[in-house]
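The values are calculated or read from the model by the stated rules, or taken from the named source; none is laboratory data. Remember, it's a predicted structure, so these values are computed and weren't measured experimentally. Every residue, glycine as well, gets a Cβ built from its backbone with ideal geometry; the counts of neighbours run over all protein chains shown.
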Amino acid sequence: MIYNIAIDGPAGAGKSTIAKKVARELSCVYVDTGAMYRAMALYLLRRNVDRENPEEIGEVCQGAEISIEYKNGEQIVLLNGENVNPFLRREEVGNMASVSSANPKVREKLLDLQRKLAASMSVVMDGRDIGTTILPNAEVKIYLTASSLTRAERRYLELQEKGLSCDLEEIRKDIEERDSRDMNREISPLRQAEDAVLVDSSEMTIEEVVKCILQIFHEKVILSDEVGKNEG
């Protein structure tokens, strides 16, 4: 049985951390959509695309085939069959990704690739528009959020642990501004899907959030499947 789990929510809500742990618990594939955008950026760089030319970006991106698989517990990003993991964190790739990810044709191409992945295997996918746009028919949809203060405090502690000086109020302000941009952007704005379950992690540990989502999965997928078999 193939099933899809979509986890959406604002920046700093812990989506990626939670999605990876849920995928591990369910022995399915965590789809790192950000890595797919970086792989596309790498493809465009290798084709010497003019980053200032959106038409050229939109045309050239059609030749990229990007997929994700796991080998020995490691996520492998494949670009036209090549493992491109060693190249994805390069600065020039990140810079190109920030430009190309806003291109409608690139988003359309990657949406198609992400849906193909989800149709061929059980996946957990996180982002801003997974349940609303990319996987509207996902069996389980989660809207994971936390207060802006909680998210700012988490980011503040992360930066402090890295030895970086930071200001909590500035971080909170940045998070709230990003929320506003994400919720009001023209293409696929951040919003809770009508059939998504709201999970507020403000007062929860990572383990508690994972347990909560696994319980939702059990109720929506396992129990409903058993009921369906019994009725059949």
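Some values worked out for this structure:
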read-out: Residue count, the range 159-187 (criterion: within 19 Å of the chain's Cα centre (by Cα) and part of a helix (DSSP H, G or I)); value: 8
read-out: Selection count where residues are part of a strand (DSSP E or B), at pLDDT 90 or above and either in contact with a Gly (Cβ under 8 Å, 6 or more places away or on another chain) or under 18 Å from Gly12 (Cα atoms) (or both), scope the range 125-157; value: 7
read-out: Yes/no for Ser27 being of a type in the set (Ser, Thr, Tyr) and touching a Phe, Trp or Tyr at 6+ places or on another chain (Cβ under 7 Å); value: no
read-out: Among residues of the range 204-227, those that are touching a residue at least 40 places away in the same chain (Cβ under 8 Å) and either of a type in the set (D, E, K, R) or within 12 Å of Pro10 (Cβ to Cβ) (or both), counted; value: 2
read-out: Pairs, first in contact (Cβ under 8 Å) with a residue 12 or more places away in the chain in the range 129-145, second in a loop (DSSP other than H, G, I, E, B) and aromatic (Phe, Trp, Tyr), C-beta under 7 Å, six or more apart; value: Glu139/Tyr3
read-out: Candidate set from the range 15-31 (those that are at pLDDT 90 or above and more than 22 Å from Ile222 (Cα to Cα)); member that is nearest to the chain's Cα centre (by Cα); value: Lys15
read-out: Residues of the range 67-124 satisfying the condition of being among the aromatic types (Phe, Trp, Tyr) and outside any helix (DSSP H, G or I); value: Tyr70
read-out: Members of the range 100-135 that are under 15 Å from Arg185 (Cβ atoms) and among the acidic types (Asp, Glu); value: Asp129
read-out: Considering residues of the range 38-66 that are assigned to a loop (DSSP other than H, G, I, E, B) and under 20 Å from the mean Cα position of the chain (by Cα) only, the residue surrounded by the most Cβ atoms within 10 Å (Cβ to Cβ); value: Ala64
read-out: Residue list for the range 21-33, restricted to those being in contact (Cβ under 8 Å) with a residue 12 or more places away in the chain, part of a helix (DSSP H, G or I) and not polar (S, T, N, Q); value: Lys21, Val22, Ala23, Glu25, Leu26
